[in-house]
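Worksheet: the structure to be examined is printed underneath.
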Amino acid sequence: MMGCAAAFDMARTERVEAVTLADSDEQRLSEAVERIRRLAGTDKVTAVKLDAADTQAARKIMCGHDGVLSAVPYFFNLGLAKAAIAAGCHFADLGGNNTVVTQEFALEHEAEDAGLAIAPDCGLSPGMASILGGELLRRIGGKADALKIFVGGLPQTPRPPFNYQLVFSVEGLINEYSEPAKILRDGKMITIEPLTEVEAFAMEGFPQLEAFHTSGGTSTLPESFQGHVGECFEKTLRYPGHVRMLRALYDLGLFSSRKRLVSGTEIAPRQIISRLFEEKFASDEPEVTLLRVEAHHDDVVASFSMIDYTDPVTGLTSMMRTTAWPASIVLQMLISGEITKRGGVHQETDVPAQLFLNEMGRREVVIHYRIESAEEFLQTLAATAEEN
């Protein structure tokens, strides 16, 4: 889903000369390239079969390219980042796993020596949300009592009992639900369990939602802003009742990767739940992506907000538009030199935010900025909740 959307965005961009789309599934690859050529009206997309676990083959394909975007599950990203450096390519990925991202940043000196950049966590959140969070801090003077991120991809028509549909990699989803969340609290970096600290959330035009901690969304925000921000977190948005059911699965151990012996066969509960999620949550129905990033300081609240829907013309989901396109923009900015940093690139400090916002606007993804008093902000939230 994300790789196809990113390749489409690159292919339709005038300054991009050629795009190679690689995948292990030849039929899916062929269908994706055909769709991109039709939507973008260009034949500058080439298909190459590749197993992402084969880093030597990946390096050979990367040679001759200026940049590489990894849109495969997070556990391939470290090997692909190493292959990109060896091939002389800038590298970006959709990230989402704190441990892997830390391992990628350990390559930053090697990349810098080669005049290259490694930019993990370039999707929606982490990614665009991090860029917007950094920009909010700069606009209010560099300090904040709290930096809060709320984000979620939801079906436009929720269907019980889970009221959810799969809008990105199932491996990424389970990682969010099963790994600890990294946050700042009272200025100190801590980790807490996922699927906890549930709170009500209001967005205009939507019923009351629930927000809760998941893993990976803060990326490097706590490290970058420790000493400047008191509280920093990212919470996932879902329709009411979803987190209660997911927490029960978590407590049962169904997200665990530790294998158990069942009827003579070793199998991890996560393997089963992953397959079930793909079966139960798969849907082609229209969806919507919500994002609000808030910076609270003294009596002021500055925020960015976005509501984006499935595009009925192209068929691209809002999650594809708001995850793949930010990653495509960041990679293009690395190649063009609009992002000057080499080595490890942090979304919140190294990506020119206004240029990024301009590019998202050109793609008709509307992001609203607002600054108001804390009292006005609370009044707006209360009014929105009452309307919903």
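We did not get these values from a lab; they are worked out from the coordinates using the rules stated. Bear in mind the structure is a predicted one, so any value in this text is a computation, not a measurement. Counting neighbours? That spans all protein chains shown, and the Cβs are built from the backbone with ideal geometry, glycine included.
Points to keep in mind about this one:
- Each part reduced to its alpha carbon centroid, segment 1-65 and segment 80-145 end up 22 Å apart.
- Most tightly packed first, judged by the mean number of other beta-carbon atoms within 10 Å of their residues, the peptides 146-154, 322-330, 34-42, 207-215 read 322-330, 146-154, 207-215, 34-42.
- Reducing segment 171-208 and segment 287-331 to their Cα centroids gives an inter-centroid distance of 17 Å.
- Sequence-separation-based contact order of segment 2-119, relative, with Cα cut under 8 Å and 6+ spacing, percent: 19 percent
- PHE105, PHE75 arranged by Cβ crowding within 10 Å, fewest neighbours leading: PHE75, PHE105
- For the chain, size of Cβ-based charge dipole, Lys and Arg +1, Asp and Glu -1, in debye: 780 debye
- Lysines whose Cα lies under 19 Å from that of LYS259, excluding same-chain neighbours fewer than 8 positions away: none
- For the chain, the mean residue ellipticity at 222 nm estimated from helices alone is -12000 deg cm²/dmol, where every DSSP H run of n ≥ 4 contributes -39500 (n - 2.57) and the total is divided by all residues, rounded to the nearest 500.
- Top positive-direction residue, dipole computed over the chain with Cβ charges, set PHE233, PHE91, VAL151: PHE91
- Relative contact order computed over segment 207-308 (Cα-Cα under 8 Å; 6+ residues apart), in percent: 16 percent
- Cβ-to-Cβ counts within 10 Å put VAL345, VAL33, VAL198 in ascending order as VAL198, VAL33, VAL345, the fewest first.
- Charge tally in the Cβ shell below 10 Å around HIS296, where Lys, Arg are +1 and Asp, Glu are -1, HIS296 excluded: -4
- With the charge dipole of the chain set up from +1 on Lys and Arg Cβ and -1 on Asp and Glu Cβ about the Cα centre, the Cα lying farthest toward the positive end among the listed residues LEU252, ILE307, PRO269 is that of PRO269.
- For the set LYS235/LYS341; LYS143/LYS182; LYS188/LYS235; LYS143/LYS188; LYS82/LYS341, the pairs lying more than 24 angstrom apart at their alpha carbons are LYS235/LYS341.
- Straight-line cross-link reach from LYS49 at under 12 Å between alpha-carbon atoms covers these aspartates and glutamates, not counting any fewer than eight positions away in the same chain: ASP23, ASP25, GLU26.
- Among residues other than ALA181 with Cβ under 10 Å from its Cβ, the summed charge is -3 (Lys and Arg +1, Asp and Glu -1).
- Size of electric dipole in segment 47-190: Cβ of Lys, Arg +1 and of Asp, Glu -1, about Cα centre, debye, nearest 20: 440 debye
- Put simply, when 242-248, 364-370, 164-170 are sorted by average Cβ atoms within 10 angstrom per residue, most first, you get 164-170, 242-248, 364-370.
- Contact order normalised by residue count of the chain, Cα under 8 Å, 6+ apart, percent: 20 percent
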